[in-house]
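Reading through the structure tokens given below for one structure.
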Amino acid sequence: MPSSTAPQLSTDTSTASPSESNVHSHRSSSAGDFEHRRHRSVDEYSQVMRRFRPSIHTLHAFAAKPLQTEFASQEANEQLILLLRRHPITQVSWIIIALVAAIIPTFIDPGSFFTFLPPNYGTAITIAWYAGVIAYIFQAFLAWYYNVYLITDERVVDVDFISLIYRNITSAKISNIEDVTSTAGGALQTVFDYGTVTVQTAGAKPEIEFEDVPHPNMIVELFNELLQEEEQETLEGRVN
Amino acid sequence: MQQSTGYPSTIPEITEAFLSPESLMTTVFFIGLLLAAILYVVFAIVIVRQVKIMNKTISTPLGPVIQLLAWLHLVFALVLAGGIFFIL
């Protein structure tokens, strides 16, 4: 696993597209030319990302240039720019439910409801209750932790961990993005600065939604910068 | 005179031991708890599998820790199911 401070790169090139193989041959043709046409780092063209240091905190909902983080279909030279999760404030409801559920047996003894059962059944019911609480917490945490939105310099990837048995991964190329809008409404979203960013694409799935993500305006700004860079790359004929 | 073994031996004793409302409720609770424990083990196995898949999908520094927690959770579920089956 790479451990440098630079954005992580995948070494797996088995999924490289035909256009990428052309790129490889182009690279080998002239090292000097490649230097000139090199892939720029995000800090070179993004004012939004320049404000952030590479994130080492794995539990952040807004992790800029996350270190030691890779995703399955990441291509060589593809920089992971931003990893997003739902804002932590949106997780408060399940945390409160879990806390209340966890303290219920300290006030109400389940054995007192079932006096006709042997005493060890009361203990078993209490342990079963706590097991249920643990399962609920674990499942809710996993749903938050693995439900991520990734922005690279080439693509936007939406990993939906909807439930334990259903997940969905969608990605779209930055060059296919047609429109980006952010929606934030209500007191909570305004106070904690989170909202939904909708990315309209020309791909098979026309819309990718980043739900309840922190700093939605900043994300829209970043998309604009990425789109400009993408246009610039096309104009200058730089490698992708 | 035959010494008592502690187990029901006569028909009324057997009827009392197995068909009394208390015994039936105990049996119902035992089966219910056992089924819940089995479902919990299945849930824990699904979590282990899903965490493994998700760690392949997105690799983070916390991934191995979550994987370990998922395995510990499965061990806990198995111990719980064993406890219900053998102790109750």
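All of the numbers you see were taken from the coordinates with simple rules; none came from a lab. It should be emphasised that the depicted structure is a prediction, and the values quoted were computed from it without experimental measurement. As a convention, Cβ positions derive from the backbone with ideal geometry for all residues, glycine included, and neighbour counts pool all protein chains shown.
Tabulated values for the structure
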| read-out | value |
| --- | --- |
| Per-residue mean of C-beta atoms belonging to partner chains within 10 Å, peptide B:22-30 | 3 |
| Taking segment A:86-240 and dividing mean pair separation by its residue count, relative contact order in percent (alpha carbons under 8 Å, at least six apart) | 17 percent |
| Cα-Cα P(r), segment A:72-226, percent of pairs per 5 Å interval | 2, 8, 14, 15, 14, 11, 9, 7, 6, 5, 4, 3, 1, 0 |
| In degrees, nearest ten, helix B:63-87 long axis to first principal axis of chain B (Cα) | 0 degrees |
| Shielding score for A:129-137, defined as the mean number of other chain Cβ atoms within 10 Å | 3 |
| Shielding by partners, peptide B:54-67 (average Cβ within 10 angstrom, other chains) | 6 |
| Phi-based couplings in Hz for segment A:105-110 (Karplus 6.51, -1.76, 1.60; Gly and Pro marked x) | x, 6, 9, 10, 7, x |
| Distance in nm between pseudo-label sites at residue A:217 and residue B:42 (7 Å out along the Cβ direction from Cα) | 5.0 nm |
| Mean Cβ count within 10 Å, highest first, over the residues of peptides A:211-220, B:57-66 | A:211-220, B:57-66 |
| For chain B, alpha-carbon Rg relative to the globular expectation (2.2 N^0.38 Å, N residues) | 1.78 |
| Relative contact order %, chain B, counting alpha carbon pairs below 8 Å whose residues are six or more apart | 35 percent |
